[in-house]
Every structure is written in structure tokens, then in C-alpha cells.
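These notes are about the structure you will find just below.
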Amino acid sequence: MDARMRFDSSAMPVLGPLPEPAPQTPPEAPLDMPAQPVSAGRVLVAGEADGRWRLVQLVAGAAMVTCLAVVSAWASLNVDGVSPIEWLGLALLGANIAWISLAGATAFAGAIRLAMRRPHAPMQLPFFSTSRTAIIFPIRNEPTKRISAVVRAMHDALVREGVADGFEFFLLSDTLDADHARAEELALQRLRETCLYAPVFYRRRTVNHGRKAGNVADFVRRWGGRYDYMAVMDADSMMSADALKELVHRMDAQPRTALIQTVPTLVNANTFVARSQQFAMRAYGRIFGEGLAWWSGGAGNFWGHNAIIRVSAFAAHAGLPILPGKGPLGGHILSHDFVEAALLRRAGWRVEIAPEIEGSFEESPPTLDDLLTRDRRWAQGNLQHIKLIGAGGFDAASRAHMLAGVMGYASALTWLALILVSALAAWLHVPEETIRTTPMNGMLPLVTVLIVLAPKWLALLLWATGKLPGWGRHRGFVVGLVTETVVSAAMAPILMVGQAKAVLAPFFGRDAGWRPQARVACAGAPTGLRYRSQLTIGALLGVTMLIDPRFVAWTLPVALSLVLAGPISTALSLTPQRRSLAWRLMATPEDLRIPAIVRETNRGSREIDRQPLPLPARGIIPVVPLAQLTPARTDKTLEVSV
């Protein structure tokens, strides 16, 4: 690479004269990125442990738990033999228990790793690298205020560390709406006036070929030769300078590593829905991340953002194939990240999950409606992986990641089917005296509760021993754990029905579309208008309890949640006042002590609110000195609600 920039943070940054303003895009440095075949031979790296035997251990443990649960259920069935409807129920029970057992086993492995590990020490200065890294933000119809604030905060953090000259920012827009596009151009103008030591580039496509994956691929094909690495961000994600430095350092030190995925921490949650997601991710996300890293080894996964990628490897081996058949399950791959990680691994590169790297953040959808909208899109993309799981050459762990993505949504359908089959059994009116009473009867609820709540009691044990990262022995953890459990229990049946519908939709030709994710809850927005399916199923379960009271104990919580889906959605979309008791119920360490990069981003957003840029005439980007700008009302800024 010509004219590589060198940066050394052992010395204080010497800012010197301001550089000349960068062009809107740098000179093109093309890389070929051919589409890969669905099936191909695998490149094996001699002597590299890929975690395959760990995966075997995980599956064996989950299989034992599943067998115990199914045998317990079988032992309680009627003495006259098992009816066809009961065999169906057993099969559905086995499928559900198998999935949650795998998740529980992953959490158990992660908890053991955390319990046995010494605290991770961040990389110490001095830091030196000759690499050049692009920090890319693929965006489409996103609020420009937030993107601008994130870029500015990350730029300033890199400047303070003295490493800004090793990074360049690139906004990759797929925006088609003219007003959004003009807002992005204005944001670029502002960033060019304030981000002076790391260039901010901007490219907008007018044809969104391949959606987000195509957006990134276009960047690689046009400018990939300019960069060693690219840090892929999302519209609502951010990373600290320390995290970026550590990622670059690891890539420099590990030339066979193509991708390192961090485990982002959720921040800036305001509504009860978002705060429950934020608390759960902070309490259990690290545990799952450690477990995934343990059994996947060098065949880790990619979640689409908050990761660093070796550009040359990505260009050579991660070009996506076009799936056979028509949409929604054919054509361009929507959940591209899992597939790109699998393709890199198939070519002999390491893909790593690094949960120990701190300073990686993202935000969560604010309402239940927004969660379900995102789930419809993710479910459709993950279901496409059914066509790839059996493809030739993929690592066993890569197949496991794709299967887990499918089951993450298909399990909602099997759970719903199990409930409906149980209701059907009640309607068939099985006499109570035909139910066999055995010592095994009590095992099923015990096993089910233990594995469903495994992440929670494992987190509690780690917290009690001071081993849960970030928490210490903060007393509010137990209160938050209980509160999050109640909130998630209220949401779970509602999400179950919504996700089951999302799984069925592609098979009926319904495309989830490609809408930007809502980042902020809209005050007074109508919620609870899309829960007719939940209400219908809840009413059906209520009738079932009247027919057969034996189902009351485990059906009542589900039925109540479904019948009250609308009010629950509305209540959980409320925003508690900051520092109030309701806010503190699920407070995380990042709530109580806001990380610097998050604090600077939030402050930047507020400053933009106070000094909005006027809309230009079509096709004109005005240059307006900041000193001439006057404060304006927040509701008149260029933020776009979606």
C-alpha cells in the first residue's frame, strides 16, 4: 500500500498545521470481490484447533438434558398408551428443550470461563501500527444527527489518543429519499468543519443493489485497496478509541485472522422495553459471548457491525452468492453477516469472537412494535440460511451458527405449536385418571425452569463471587435481575406469536421489506394495534383453561400476556424519568457511569439540536460558519423519524 500512515501513541498528538480539506471520496483503489459458490472445498490450516470437539461436548450435554425432559414427559402420559396427539406434543417438547438446552449449555460454558479467568487488561501504550483502517457506516434513511455525533465523538477520541492519522471515516449511504440525502450532505459539511485530523468521506448509491451487503461490497470493490482493515459500524453503534486500537493491534499481530467480532454493550435505553433489553445484555450477554467464543474457536461469527475485518481477505473470499429461487427466501442474502463469516472460515481464515474487548456499544429498539418489525426482517434473512447449512466446505461451527440463527426464530413457532397442541389435547378431554403419576413427573418442570433461567442464575452466581464483568457487587443487580425477569416474562408470549408469524410469512410470499430501524420512541405513537393474533390465541387458551383446569398453572401467565398484549406494549413503551425509582430498577453500570464515547456522542447530539443547519436548495450545499448559526427548536431539526 502506498503512502501508509504511521501512528504512534507513545507520544502526545502533535496537531500542527491543519490538513487540506479532503475530497468527498478518496481516489479509487479497486479490489476484485468475486461472488463465491454456495459449495466449495475447504482450506484447512494445519494444527489449528477449530473448536469442533468443544461443539460435540456442547451438543452431547444438551442432548442429555433433552432426553431427560422428554422421558419425564413420556412417563406422565396415560396408562393406555400414547396417542398420536401426545406423540406430536412430545416431539415439539423435544425440539424446544433441545434449543434452550444448547443455549443453556453455551451460557454454562461461558460462566465457567468467566469464573476461571483473570480480569482482562486493556492493551498498554505505546501502540504503533502502519495499517490504515476505514471506519464505515452503512446508512439508509437514518437520522443524520446521531450519525454526525457518533463520527465526531469517535474522531475526537482518536485524536486524544494520538492515533487519528491511522483511521478514515466513510459514510456509505443507500438513501434514496431526496430530503434525507440533502440532510446527509449537510451533515457531511458539518463533519468536514469539525473532524480535521481523520478524513470523513461520503458516497451515496442511487441503486441499492444487494441492500446492506451490496453497499459494503461496493465500498470494497471501489476503495478496498486503500485499506488494511475496515471497522464496520451500524447507524446506532459506537466504539471507543481503546477498542479500535486493540482491534487493530490484534489484527496486526494475527495475520491469519480475517475478522474479530466484539460483543456490544447496549446503552442509552429509555423506554421500559429498551431498558429490559439493555439490562439483559449487560447481565447475560458477556456470558453468552464467552460461551460462543469457547465452542466456536477460530470459526466464530459476524453480527454485521462492531467488528473489524481484514479487507483483502474479505474481498477475496466473502463475496455473497445469489440464492436459487425467487424471494422472499431466494435471491440476495439478507442476513449476510453469518454467511460472510462462514465463507472466510471456509477459505482458511480465522474468525474470532472477542467478548473481553470493552468499549463497544450499540442501542436497542425502543418499543415492542419496533422489536417485532426488526424480528420480521431478521427472521426472513435467517431462514434463507436453510439453503446454506448443508453446503459443501463449511466448518461445523459455521453450520451451527447458521442453524442457531434459524432456530432463534423457528423455536417461537415450535413453542406456539406446543401450546396449541396442548390446548387441542384439552379439547379432546383426556380423563385425569389416565395420567400416570411417577417420580419422573416432577422432573419436567424442574428441568425446564433450570435451563430456561440458566443465564439468570449463572449471572447471579458470578455477581455473588465478584466475577460478573462490569458489575462488581453492585447491590442494584439483584433488583434489576428480578425486574428484568418480570418484564421479559410479560413480553415473551407476545414476541413468541410475533416471531412465529415472521417465520411463516416468507413461505406465503410476504417480504419483510427494508425499512430503517426506529431509534427513538415516538411520544403518543399508537401501540398495541397489531396484536389481534395475540388476543385470539390468548382467548383460545382461556377457553382451554375452562375446559380443563389442569392447564391453569402453566397456561394462565401465557394467556394473560397475550390477552393484554396491547396494554402491555403501551405500558412498556413509556419512558421513566432519568434517576427516578422506575429508571433505577434496571440501571446498568453504563447508566450510572456513562462511558466517555457515549457521553460525548450524546452531548454532540444535543449541540446539533441547538444549532441546526438550514435546508439548502436542491443540489446546493451551503457553507455556513458555525458562529452564524442560531439556536432553534428541537422539533425543527433535520432528524427524521422512521
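The values are calculated or read from the model by the stated rules, or taken from the named source; none is laboratory data. Keep in mind that this is a model prediction, so the values were computed, not measured. Positions of Cβ are generated from backbone atoms using ideal geometry, with glycine treated the same way; all protein chains shown enter the neighbour counts.
Name the pairs whose Cβ atoms lie under 7 Å apart, with the first residue in segment 406-427 and polar (S, T, N, Q), the second part of a helix (DSSP H, G or I), and 6 or more positions between them or separate chains?
SER411/ASN96; SER411/TRP99; THR414/LEU92; THR414/ALA95; THR414/ASN96; SER422/GLY89; SER422/PHE551
Considering GLY110, GLY104, which residue is touching a Phe, Trp or Tyr at 6+ places or on another chain (Cβ under 8 Å) and modelled with pLDDT of 90 or more? Spell out how you get there, then give the answer.
Values: GLY104 fails: touching a Phe, Trp or Tyr at 6+ places or on another chain (Cβ under 8 Å).
Matching residue, one of GLY110, GLY104: GLY110.
Quick one: would you say THR414 is over 15 Å from the mean Cα position of the chain (by Cα) and either part of a helix (DSSP H, G or I) or of a type in the set (Lys, Arg) (or both)? Before the answer, list the steps.
Numbers: over 15 Å from the mean Cα position of the chain (by Cα): yes; either part of a helix (DSSP H, G or I) or of a type in the set (Lys, Arg) (or both): yes.
So THR414 passes the test.
What is the one condition in (1) over 21 Å from ILE147 (Cα atoms); (2) in contact (Cβ under 8 Å) with a residue 40 or more places away in the chain that ASP234 does not satisfy?
For ASP234, the exception is condition (1).
Could we say that LEU191 is of a type in the set (A, V, I, L, M) and in a loop (DSSP other than H, G, I, E, B) here?
Working: of a type in the set (A, V, I, L, M): yes; in a loop (DSSP other than H, G, I, E, B): no.
Judged against the criteria, LEU191 is not a match.
Which of the residues spanning segment 140-172 are under 12 Å from GLU184 (Cα atoms) and at pLDDT below 95?
Keep residues of segment 140-172 that are under 12 Å from GLU184 (Cα atoms), which gives 140-148, 171-172.
Matches in segment 140-172: ARG140, ASN141, GLU142, PRO143, THR144, LYS145, ARG146, ILE147, SER148.
Does ALA293 fit the bill of being surrounded by fewer than 24 Cβ atoms within 10 Å (Cβ to Cβ), without any contact (Cβ under 8 Å) to a residue 60 or more places away in the chain and farther than 30 Å from LEU574 by Cβ?
Working: surrounded by fewer than 24 Cβ atoms within 10 Å (Cβ to Cβ): yes; without any contact (Cβ under 8 Å) to a residue 60 or more places away in the chain: no; farther than 30 Å from LEU574 by Cβ: yes.
Here the answer is no, as ALA293 does not meet what is asked.
Return yes or no: is PRO17 part of a loop (DSSP other than H, G, I, E, B), more than 25 Å from ARG310 (Cβ to Cβ) and either at pLDDT below 85 or over 32 Å from the mean Cα position of the chain (by Cα) (or both)?
On the way: part of a loop (DSSP other than H, G, I, E, B): yes; more than 25 Å from ARG310 (Cβ to Cβ): yes; either at pLDDT below 85 or over 32 Å from the mean Cα position of the chain (by Cα) (or both): yes.
So PRO17 fits the description; yes.
Just name the residue that is modelled with the lowest pLDDT out of those in segment 475-519 that are more than 22 Å from LEU572 (Cα to Cα) and surrounded by 16 or more Cβ atoms within 10 Å (Cβ to Cβ). First the steps, then the outcome.
Step one: of segment 475-519, the residues more than 22 Å from LEU572 (Cα to Cα) are 475, 503-515.
Adding the requirement that they be surrounded by 16 or more Cβ atoms within 10 Å (Cβ to Cβ) leaves 503, 505-506, 512.
Values: VAL503: 94, ALA505: 91, PRO506: 89, ALA512: 66.
Residue satisfying both the conditions and the ranking: ALA512.
Only residues in segment 572-596 that are within 13 Å of GLY480 (Cα to Cα) count as the first member; pair them with residues that are surrounded by 19 or more Cβ atoms within 10 Å (Cβ to Cβ) and of a type in the set (S, T, N, Q), Cβ under 7 angstrom, at least 6 apart or cross-chain, and list the lot.
These pairs meet every condition: LEU585/THR483; MET586/SER276; MET586/THR483; THR588/GLN278.
Taking segment 386-410, which residues are in a loop (DSSP other than H, G, I, E, B) and buried (at least 19 other Cβ atoms within 10 Å of the Cβ)?
Going residue by residue through segment 386-410, those that are in a loop (DSSP other than H, G, I, E, B) are 388-395.
Residues satisfying the conditions are LEU388, ALA391, PHE394, ASP395.
What are the residues in segment 193-213 that are buried (at least 16 other Cβ atoms within 10 Å of the Cβ) and under 16 Å from ALA153 (Cβ atoms), if any?
Selection gives CYS195, LEU196, TYR197, ALA198, VAL200.
Of ARG282, ARG275, which residue is more than 24 Å from ALA400 (Cα to Cα), touching a Gly at 6+ places or on another chain (Cβ under 8 Å) and surrounded by 24 or more Cβ atoms within 10 Å (Cβ to Cβ)?
Values: ARG275 fails: touching a Gly at 6+ places or on another chain (Cβ under 8 Å).
Exactly one residue qualifies, and that residue is ARG282.
Residue check: is ILE353 part of a strand (DSSP E or B), crowded, with 20+ Cβ neighbours inside 10 Å, at pLDDT 95 or above and not hydroxyl-bearing (Ser, Thr, Tyr)? Before the answer, list the steps.
On the way: part of a strand (DSSP E or B): yes; crowded, with 20+ Cβ neighbours inside 10 Å: yes; at pLDDT 95 or above: yes; not hydroxyl-bearing (Ser, Thr, Tyr): yes.
Criteria met by ILE353.
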